[in-house]
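Structure, as structure tokens:
Values quoted throughout were computed directly from the atomic coordinates according to the rules given, and no laboratory measurement underlies them. In this text the structure is predicted, and so the values were computed from the model without any measurement. In this analysis, Cβ positions are derived from the backbone assuming ideal geometry, glycine residues included, and neighbour counts consider all displayed protein chains.
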Amino acid sequence: MSAGTASAINADELARGHWRERAQFIGLSLPATLLILIVVFLPLFWLSSLSFLDRVGELSSENYQRLTGDLYVEAFVVTFQISASVTALCVLLGYPLAYWLSRKPQQTANLLMICVLLPFWTAVLVRTYAWLVLLQRNGLINNTLLSLGVIDAPLQLAHNLTASIIGMVHIMLPFLVLPLYATMKSIDSDLVRASVGLGSSPTEAFWRIFVPMSLPGLFAGVVLVFIMSLGFYVTPALLGGGRIQMLAQRIESTITIFSNWGAASALGVALLVMALALVALLHRVFGLDKLFVR
Amino acid sequence: MDAAGASSQSLPITVRNLVKTYGDLRVLDDVSIAIRPGEFMTLLGPSGSGKTTLLMALAGFVSPESGSIRFGEQEMITTSPHKRGVGMVFQNYALFPFMSVAENVAYPLKIRGVSPAEQKSRAEAALEMVKLGGYGGRRINQLSGGQKQRVALARAMVFEPRIILMDEPLSALDKKLREQMQIELKQLHQKLDATIVYVTHDQREALTMSDRIAVINRGRIAQLDEPKALYRRPNSLFVADFIGETVLLPVQREGDGVSLQGRKLKLSTPTPPGNGPLQLVIRPELLQLEVGDNGDTNTIAGVVRQTVYQGDSVLLIIDAGDGHEVSVRIATSRAGQASIPDSSSQIALGLHRDDTVVLAEQKS
């Protein structure tokens, strides 16, 4: 390919053209790449390096040893419990919803999709307070039930685990429905029809054909909801009324109350590692590479 | 679960007065058809003619407003699709992408509760039948279009259904492969003890494979006949035009008979009744350059306008007067010996009386 041997016609010009094309792509993706490097990877690196330093700035694993303490272990357990419950509830609510939407005519589906997405355009804080208004001691639900005479004393609806989970499910649901709906929409309805044509009942066709084919979307939604739930802060903090301590709150209190950046960083790193490990595990179990092949 | 293991025997299909409407449109307009057991029946028609709707009604995916569908003696009109026990081949294959080839083929058996060992052996046998032996472990996306179609075929026949329905199964394949598959499908049909109903818009495909063809137009059966009869004796201009290459030439009524270019035509069939306009149906390959002097040949005079070389044949385009064009096809081998007439030369074409078909123009 040297310029001296002009054996291949126009080879140099074509090679230059390829280079120009590559340079264009690199140029186009450079700003985003730099931005991610600066706002994601740099702070991440800085934070994780903090976690290996003790209070006087010496290298130590003290911060990680502390994570085995009861308080932290409990925070981990609670975090995973809440995330798992929220994800499970989202699947229970979201799967039928996405299925129903995907079987509707396009126009109706679009309209209904806007209804699903509408809460997206309201701040999380606002939605959380809205739940507080509904669930608190003299909130809408308690007042209604009282005035109907269904209950004698207000129920403890807010400031507990249930309230946290209700609020989080509400906020997370679209994240499950969106990828699931997209996947379901792309499933060729002839496949389900073929299954019925070959002798399976509609119910059987749904479970044997439709559900397996919707798994990639479900998987994407589940991972999204679960990972986001792991780091959730506002909703459990407000609706849990301080009784529910998820990791994000523990991290916040470690900084604001004890102003211990090293310990907080260690918590953050531990959370990140667990989340990544979980994705890897799910990936292995579900065999994503097999599922995505069409 | 019907007849999974029982030996199968092909069933006749009897459709009576089937009506299906979409809004104001009568997609199936009082269709009646009797399909014989073991027959290869093709539903042929242009798009929107209702042929696919009829097939889907047989499969149970379209529910008609009225009418009767019987498989053998059994009324099926209200039976849900999965209980009709038919094998089905879809236009776009409809193979399950997350299953292997063997799993796809074994699917109908699995549904019917056949033991895994038997599933395996029967799926392999079915793959053998479609010349895909040893492909069981492959994934669907590793197959070519023709192979996918074979898998779909194997899946439709693995449970030995007595009726197999096929919805334009070859339309996605290229011409060469399609023609090869047509022959294979026909051979396969002879091995299977099943009634096959096949939908296509390709008249050549229909002629190649079918025992009988039902030509469907506007929700009605225009003609139901064996391929040869359909080609040689179309009963309407629609059928004549749809099947094969056709040239139409207006002819005049003259007393009881018909005349062309002032000469009376010799016919083997009676003149269509009524007094509406008539057309002569001409197949380019049936016209002869040499007009024999026997009394059984009609003559058409004309001027050669153009000669078109088409590889296996030469097409002559001839002006038959009044701006009507007729084309003649001459096989190249013969054309090599006999001289091909030059452009603008006067020629006479012969058409045997048995090949002379005169049809009335349709009202509407």
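Give me the distance in nm between label points sitting 7 Å out from Cα along the Cα-to-Cβ direction at residue A:44 and residue A:146, one decimal.
4.9 nm
Whole number please: convex hull volume per residue of the Cα set in the protein assembly as shown, in Å³? Don't skip to the end; give the middle numbers.
On the way: hull volume 200.2 nm³, N = 658.
So the per-residue hull volume is 304 Å³.
Rounded to the nearest 5, what is the percent of antiparallel bridges among the DSSP beta bridges in segment B:13-232?
Values: 21 of 38 bridges.
About 55 percent, rounded to the nearest 5.
Determine the percent antiparallel among the DSSP beta bridges restricted to the protein assembly as shown, to the nearest 5.
On the way: 57 of 74 bridges.
The antiparallel proportion sits near 75 percent.
Residues with beta-carbon under 14 Å from that of residue B:213, excluding residue B:213: net charge, scoring Lys, Arg +1 and Asp, Glu -1? If you can, show how the numbers build up before the last one.
On the way: positive: B:36, B:51, B:186, B:204, B:212, B:228, B:232, B:233; negative: B:39, B:202, B:205, B:211, B:225, B:226.
Every neighbour counted, the sum reads +2.
With a ≥ b ≥ c the root eigenvalues of the C-alpha gyration tensor of segment B:217-290, is it rounded (a/c under 1.5), prolate (a/b larger than b/c) or oblate?
Numbers: a/c = 2.04, a/b = 1.33, b/c = 1.53.
It is oblate, given that a/c is not under 1.5 and a/b is not larger than b/c.
By a straight-distance test (C-alpha under 30 Å), which lysines pair with residue B:264 as possible cross-link partners, with residues fewer than eight away in the same chain excluded?
B:228, B:363
Quick check: Cα centre of segment B:69-120 to Cα centre of segment A:224-238, how many Å?
46 Å
Considering every residue in A:201-209, what mean count of other chain Cβ atoms within 10 Å of its Cβ is obtained?
On the way: counts 5, 3, 1, 2, 3, 0, 0, 5, 5.
Counting other chains' Cβ atoms within 10 Å and averaging over A:201-209 gives 3.
Rank by packing, highest mean first: peptides A:246-254, B:222-230, B:81-89, with packing defined as the count of other Cβ atoms within 10 Å averaged across residues. Write down the numbers at each step before the final one.
On the way: A:246-254: 20.1, B:222-230: 17.7, B:81-89: 23.8.
For the peptides A:246-254, B:222-230, B:81-89, the packing ranking is B:81-89, A:246-254, B:222-230.
Expressed as a whole number of Å, what is the distance separating the alpha-carbon centroids of segment B:186-250 and segment A:170-194?
Computed from Cα coordinates, the inter-centre distance equals 42 Å.
For the pair residue B:285 and residue B:254, what calculated FRET efficiency results from E = 1/(1 + (r/R0)^6), where r is the Cβ-Cβ distance and R0 = 30 Å, to the nearest 0.05?
Numbers: r = 28 Å, r/R0 = 0.93.
Result of the calculation: an efficiency of 0.60.
May I ask for the net charge around residue B:189, where only other residues with Cβ less than 11 Å from the Cβ of residue B:189 are counted and Lys, Arg are +1 while Asp, Glu are -1? Walk me through the numbers on the way to the answer.
Working: positive: B:186, B:191; negative: B:39, B:184, B:193, B:211.
Computed value for this residue: -2.
Using just the Cα positions, wrap segment B:13-232 in a convex hull and report its mean projected area in square nanometres, one decimal place. Display every interim value, and only then the final one.
Details: hull surface 48.3 nm².
Mean projected area for segment B:13-232: 12.1 nm², to one decimal.
Rounded to two decimals, what ratio of Rg to Rh does segment B:245-360 give with C-alpha atoms and a Kirkwood Rh? If you can, show how the numbers build up before the last one.
Values: Rg = 14.3 Å, Rh = 14.7 Å.
My calculation puts Rg/Rh at 0.98.
Mind checking the mean number of beta-carbon atoms from other chains within 10 Å of the Cβ atoms in B:90-103?
Numbers: counts 6, 1, 4, 4, 11, 2, 9, 8, 10, 3, 0, 0, 0, 0.
Taking all residues of B:90-103 together, the mean is 4.
Kyte-Doolittle mean at least 0.0 and Cα extent at least 18 Å along the axis: which DSSP H helices of chain A qualify? Intermediate values should be presented prior to the final figure.
Details: long enough: A:11-36 (37 Å, 0.10); A:70-103 (49 Å, 1.12); A:161-185 (34 Å, 1.55); A:211-230 (27 Å, 2.10); A:261-286 (37 Å, 1.94).
Membrane-span-like by this rule: A:11-36, A:70-103, A:161-185, A:211-230, A:261-286.
Roughly what angle does helix B:145-157 make with the longest principal axis of chain B, taking Cα atoms, 0 to 90 degrees, to the nearest 10?
So the helix axis and the longest Cα principal axis differ by about 60 degrees.
Taking beta carbons within 10 Å but only from partner chains, what does the mean come to for residues A:185-196? Write out the running numbers ahead of the final one.
On the way: counts 0, 0, 1, 6, 1, 6, 8, 2, 7, 13, 7, 10.
Partner Cβ neighbours, averaged per residue: 5.
For the cross-link pairs A:185/B:175; A:185/B:83; B:148/B:191, which exceed 24 Å when the distance is taken from alpha carbon to alpha carbon?
Values: A:185/B:175 32 Å; A:185/B:83 27 Å; B:148/B:191 21 Å.
Check vs 24 Å cut-off fails for A:185/B:175; A:185/B:83.
Using modelled amide H (1.01 Å from N, peptide plane; none on Pro or chain starts), what sits under 5 Å from the amide H of residue B:163, excluding residues fewer than 5 places away?
Sorted by chain and number, the residues that satisfy this are B:87, B:195.
As an exercise, use a Förster radius of 56 Å and the Cβ-Cβ distance of residue A:84 and residue B:74 to find the FRET efficiency, rounded to the nearest 0.05. Write down the numbers at each step before the final one.
Values: r = 52 Å, r/R0 = 0.93.
Efficiency, rounded to the nearest 0.05: 0.60.
Taking only Cα atoms, what is the 0 to 90° angle, nearest 10, from helix B:116-129's long axis to the longest principal axis of chain B?
Computed tilt is about 20 degrees.
Count charges around residue B:31 for me, please; just the other residues with Cβ under 13 Å from its Cβ, Lys/Arg as +1, Asp/Glu as -1. Please list the in-between numbers first.
Values: positive: B:16, B:20, B:26, B:51, B:218, B:220; negative: B:29, B:30, B:65.
Counting the neighbours of residue B:31, the net charge comes to +3.
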